[in-house]
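I have placed the structure first, in the form of structure tokens, so that the comments after it can refer back to it.
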Amino acid sequence: MKIPVSQVLVRFLENLGVTRIFGIPGSHILPVYDELHDSPIQSVLAKHEQGAAFMAAGHARVTGSVGACITTAGPGATNLVTGIASAYADKLPVIAITGEAPTHIFGKGGLQESSGEGGSVDQVALFAGITRYHKLIERTDYLTAVLNQAAKHLLAGTPGPVVLSIPFNLQKEMVDDAILGQAAPARPPTAAPIADHYVDQSLALLRTSSRPLIIAGYGCIRSDAQAALRTISETLNIPVTTSLKAKGAFDERSALSLGSLGVTSSGHAMRYLEREADLVLVLGAGFNERTSYLWDEKLLAGKKIIQVDNDSQQLEKVFHADLVVEADLGAYLNALDAAVAQQAIAPKAPVDVTAFVKQVRQEIDAAGETIFDKKFDHIKALYAWLEETFPDGLIMFDDNIVFAQNFYRVSTRDRFIPNTGISSLGHAIPAAIAASFALHGAERRPVFAMIGDGGFQMCCMEIMTAVNYGVPLNIVLFNNETMGLIRKNQHQHYNDRFIDCEFENPDFSLLAKSFGIRHVRVEEVADLEALADSLDFMSGINLIEIPIDRDAYPNYSSRR
């Protein structure tokens with residue numbers, strides 16, 4: 001039976017497990033939208049294509065399945081770039097379907113054409129560096145191969161975004177429906193068994209170590225290795241610190257947790273790494289700029305290192321390791337756990353992490369190196385209030401990373417999703433909206449978007465997407481009427497020569513009223529007490545405004 005290519009594309013998305021697609025229609029993509037009309041896939045109208053890409057990524061992050069977005073040609077596609085780049089940096093399985101001008105007008109100056117012909121925008125070149133696979137499909141005879149390549153990259157062990165651009169006339173072209181069977185998505189790869197010699201070498205290093213430390217990265221979350229990580233830590237008395245992106249891989253309320261490691265953190269984990277650790281297990285962590293304190297060589301000097309990652313590009317990228325294991329973190333930790341039990345490896349001497357943190361905190365205070373002074377007490381109290389109010393967990397998308405990194409102890413019941421990829425402002429709100437769409441039944445938890453006022457004004461229009469679809473959302477807006485990081489850097493490194501960092505905000509209570517959502521303002525710690533009674537965090541849409549003195553700066557230097 002003959003069916004249009006537009007139907008093939010929609011059926012392909014269904015076979016990938018896509019349940020929701022975010023985007024904005026345009027004339028060059030309407031044949032695909034017409035097929036979505038009768039599909040079980042829910043199409044969600046965003047307010048901007050960048051928001052649609054962030055939504056697709058947020059959906060992929062929370063569900064672990066393929067996220068999808070759809071746009072028209074030209075500006076519709078180009079507006080995706082930042083969101084797709086963010087998904088690329090975060091290795092998320094996101095597919096973007098974009099329209100294109102008909103092939104018979106390529107090179108003639110067609111409306112919104114982006115074929116790269118005749119001086120038009122070259123969309124293939126535009127997406128080449130930020131996708132795992134991108135194809136402008138000009139003929140149907142290789143469509144099966146294109147779809148198979150797309151599925152391969154989306155379902156890989158280390159996935160990434162895919163962009164498929166389909167000219168208007170090809171969307172309507174008729175092809176044999178047998179193509180659907182030929183383009184069946186491949187099954188995700190299963191983790192390969194861990195070679196015995198890797199486990200044996202790991203045990204040998206652990207036996208000779210007196211103070212091992214685990215640095216857990218996002219790979220522990222991606223591979224669902226949290227349970228095995230906890231077992232290894234508790235069985236052998238090994239403290240754990242995480243990268244910022246991996247907060248929640250290990251319960252930060254555990255007696256063995258040192259919190260997260262990084263230049264914007266309190267410094268407890270960094271000092272333990274420097275002073276105490278003789279063996280470091282780097283598990284799924286890239287040791288990037290933030291985590292490594294700008295690649296400070298003193299951190300790992302004189303220590304044995306085991307590095308495990310399923311991505312070969314991360315292995316020994318910035319340091320030499322004594323043992324390098326390219327493997328799935330879940331498979332490795334489960335194999336190591338079984339070997340520890342079988343060979344009865346003795347636990348290390350107990351570490352009083354609480355006492356160590358207390359001592360370090362006293363040192364930091366005495367040296368005047370505390371990151372936050374009393375001007376941030378209401379912010380600190382907010383995160384303590386979140387811990388107390390939502391003991392069963394919440395989902396937090398965070399564009400304003402430094403507060404949560406220091407004040408919020410993420411449990412394994414929480415999902416903490418910092419905007420670490422390319423650190424683009426305006427991510428938290430659309431990504432959180434997508435998460436709310438995805439949660440049902442027992443999975444439902446309050447969803448929070450933490451964002452500064454600069455980033456808020458880049459994406460606040462997407463609040464109406466939540467309103468239009470009745471999606472619950474809690475926005476915590478930090479209002480200091482400035483681009484806080486820029487102003488801090490200009491204060492620290494440019495002699496207070498402030499330029500293009502200050503602005504006036506709208507009246508957020510009136511803005512919230514215009515959206516038809518609730519607004520509250522938390523100016524001091526006492527204001528938190530009324531929040532639980534005044535707001536519906538599970539079903540409502542709430543804007544919680546937190547004013548901050550624009551001259552209050554976190555006391556750390558990014559050296560920029």
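Can you pull out every residue in region 221-234 that is out of contact with any Cys (no Cβ under 8 Å at 6 or more places or on another chain), surrounded by 14 or more Cβ atoms within 10 Å (Cβ to Cβ) and of a type outside the set (A, V, I, L, M)?
Our first condition is that a residue be out of contact with any Cys (no Cβ under 8 Å at 6 or more places or on another chain); within region 221-234, this holds for 221-225, 227-228, 230-234.
Okay, now just the ones that are also surrounded by 14 or more Cβ atoms within 10 Å (Cβ to Cβ), so 221-223, 225, 228, 230-234.
Correct list: ARG222, SER223, ARG230, THR231, SER233, GLU234.
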*asked:* Taking the criterion of being within 23 Å of LEU315 (Cα to Cα), modelled with pLDDT of 80 or more and of a type in the set (S, T, N, Q), would at least one residue in region 271-291 satisfy it?
replied: no
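Run down SER43, SER65 and say which single residue is hydroxyl-bearing (Ser, Thr, Tyr), over 21 Å from ARG132 (Cα atoms) and surrounded by fewer than 22 Cβ atoms within 10 Å (Cβ to Cβ).
SER43
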*Would you call ALA331 in a helix (DSSP H, G or I) and either out of contact with any strand residue (DSSP E or B) (no Cβ under 7 Å at 6 or more places or on another chain) or at negative phi (or both)?*
yes
*asked:* Quick check on my filter: what residues within region 244-277 are in contact (Cβ under 8 Å) with a residue 40 or more places away in the chain, not small (Gly, Ala, Ser) and not in a loop (DSSP other than H, G, I, E, B)?
replied: LEU244, LYS245, LEU258, HIS268, ARG271, TYR272, LEU273
*In region 292-308, how many are at pLDDT 80 or above and among the polar types (S, T, N, Q)?*
1
*Looking for whichever is over 12 Å from the mean Cα position of the chain (by Cα) and either closer than 19 Å to ASN419 by Cα or in contact (Cβ under 8 Å) with a residue 60 or more places away in the chain (or both) here; the options are ILE84, ILE70. Which one fits?*
ILE84
*Out of region 475-503, which residues are over 28 Å from TYR383 (Cα atoms) and aromatic (Phe, Trp, Tyr)?*
TYR494, PHE498
*Considering each of GLU138, GLU117, GLU113, GLU100 in turn, give the residue that is surrounded by fewer than 18 Cβ atoms within 10 Å (Cβ to Cβ), over 22 Å from the mean Cα position of the chain (by Cα) and in contact (Cβ under 8 Å) with a residue 24 or more places away in the chain.*
GLU138
*Is it the case that region 335-345 has a residue that's small (Gly, Ala, Ser) and crowded, with 17+ Cβ neighbours inside 10 Å?*
yes
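Hey, any hits in region 387-400 for a residue that's under 14 Å from the mean Cα position of the chain (by Cα), assigned to a helix (DSSP H, G or I) and at negative phi?
Going through region 387-400, the residues under 14 Å from the mean Cα position of the chain (by Cα) turn out to be 395-400.
Right, trim to assigned to a helix (DSSP H, G or I) and you get none.
No: region 387-400 contains no residue that is under 14 Å from the mean Cα position of the chain (by Cα), assigned to a helix (DSSP H, G or I) and at negative phi.
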*How many of the residues making up region 439-463 are at pLDDT 90 or above and either closer than 21 Å to CYS69 by Cβ or among the aliphatic types (A, V, I, L, M) (or both)?*
11
*asked:* So in region 169-198, with the set limited to residues that are within 33 Å of the chain's Cα centre (by Cα) and modelled with pLDDT of 90 or more, which one is surrounded by the fewest Cβ atoms within 10 Å (Cβ to Cβ)?
replied: TYR198
*Hey, could you check region 317-332 for residues that are surrounded by 14 or more Cβ atoms within 10 Å (Cβ to Cβ) and within 14 Å of PHE287 (Cα to Cα) and say which is nearest to the chain's Cα centre (by Cα)?*
VAL318
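Identify, from the list ASN474, ASN480, ASN419, the residue that is within 20 Å of the chain's Cα centre (by Cα), polar (S, T, N, Q) and modelled with pLDDT under 95. Talk me through it step by step, then tell me what you get.
Working: ASN474 fails: modelled with pLDDT under 95; ASN480 fails: within 20 Å of the chain's Cα centre (by Cα).
When all the criteria are applied, what remains is ASN419.
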*Subset tally (residues that are outside any helix (DSSP H, G or I) and more than 15 Å from GLY284 (Cα to Cα)) for region 219-239*: 3
*asked:* Quick check on my filter: what residues within region 494-507 are within 30 Å of the chain's Cα centre (by Cα) and under 22 Å from ILE371 (Cβ atoms)?
replied: CYS501
_Looking at ALA338 and the list (1) in contact with a helix residue (DSSP H, G or I) (Cβ under 9 Å, 6 or more places away or on another chain); (2) in contact (Cβ under 8 Å) with a residue 12 or more places away in the chain, which single condition is not satisfied?_
(2)
_Filter result for ALA438 (under 15 Å from the mean Cα position of the chain (by Cα) and either outside the structural domain of VAL66 (by TED's automatic domain parsing) or surrounded by fewer than 24 Cβ atoms within 10 Å (Cβ to Cβ) (or both))_ = no
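How many residues does region 365-388 contain that are of a type outside the set (Phe, Trp, Tyr), surrounded by 14 or more Cβ atoms within 10 Å (Cβ to Cβ) and within 19 Å of ILE475 (Cα to Cα)? Steps first, answer last, please.
The initial filter retains those residues of region 365-388 that are of a type outside the set (Phe, Trp, Tyr), namely 365-371, 373-375, 377-382, 384, 386-388.
When the remaining residues are screened for being surrounded by 14 or more Cβ atoms within 10 Å (Cβ to Cβ), the result is 370-371, 378-382, 384, 386-387.
Pick out the ones that are also within 19 Å of ILE475 (Cα to Cα) and you get 378-382, 384, 386-387.
Qualifying residue count for the region: 8.
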_For region 309-323, give me each residue that is more than 13 Å from ILE194 (Cβ to Cβ), touching a strand residue (DSSP E or B) at 6+ places or on another chain (Cβ under 9 Å) and hydrophobic (A, V, I, L, M, F, W, C)._
LEU315, PHE319, ALA321
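The values are calculated or read from the model by the stated rules, or taken from the named source; none is laboratory data. Keep in mind the model is a prediction, meaning the values are calculated, not measured. A quick note on method: Cβ atoms are made from the backbone with ideal geometry, for glycine too, and the neighbour counts reach across all protein chains shown.
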